[in-house]
């Protein structure tokens, strides 16, 4: 029996990020999802083709101070999330993850999800910068395009 889109997305997340073997990465569970939704409803987006999700995007609005600490390796991704205050005004946006099933790649789905989420977050927060910890060349290129389209500077965490 073939795997569902949801099951394939879960396997893709583990394959790309290997988050289960890295305690410094954010392991997205129900508790994390609830906090993300409290921070802003647009932090998690998905595209469903009618048979389940084929793309997921996760963003973490935070502060410029925490952004710099993360970029300088002073805090981990998990600590970035844990230290991000709720009920605050956020001026930095961590483009945390984007996953797309292979047959749906290069169709602009991730770009549309990201741009829509950023626009929704900008309504409530004075964003000044985007930042990433790229795991793939495709992810890096997508984030560079998002930076150009939104006119926000993009900062990158080195390996």
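The values are calculated or read from the model by the stated rules, or taken from the named source; none is laboratory data. This is a predicted model, so every value here is computed, not measured. Cβ: placed from backbone, ideal geometry, glycine included. Neighbour counts: every protein chain shown.
Here are some notes:
- Residue 60 vs. criteria more than 27 Å from residue 102 (Cβ to Cβ), crowded, with 21+ Cβ neighbours inside 10 Å and modelled with pLDDT of 85 or more: no
- Across region 116-156, the number of residues qualifying as part of a loop (DSSP other than H, G, I, E, B), free of Cβ contacts under 8 Å to residues at least 40 places away in the same chain and either surrounded by 14 or more Cβ atoms within 10 Å (Cβ to Cβ) or touching a strand residue (DSSP E or B) at 6+ places or on another chain (Cβ under 9 Å) (or both) comes to 2.
- Residue in region 62-78 that is farthest from residue 129 (Cα to Cα), counting only those that are touching a residue at least 40 places away in the same chain (Cβ under 8 Å) and either touching a strand residue (DSSP E or B) at 6+ places or on another chain (Cβ under 8 Å) or in a helix (DSSP H, G or I) (or both): 78
- If you go through region 26-55 and keep only what is more than 19 Å from residue 80 (Cβ to Cβ) and touching a helix residue (DSSP H, G or I) at 6+ places or on another chain (Cβ under 6 Å), you end up with 45, 47, 51, 52, 53, 54, 55.
- When 159, 103 are checked against the criterion of being modelled with pLDDT under 95, loosely packed, with under 13 Cβ neighbours inside 10 Å and not in a loop (DSSP other than H, G, I, E, B), 103 stands alone in meeting it.
- For region 82-94, residues that are modelled with pLDDT under 95 and either crowded, with 18+ Cβ neighbours inside 10 Å or at positive phi (or both) total 1.
- Residue count for region 123-143, restricted to those that are over 11 Å from the mean Cα position of the chain (by Cα), modelled with pLDDT under 95 and within 20 Å of residue 68 (Cα to Cα): 2
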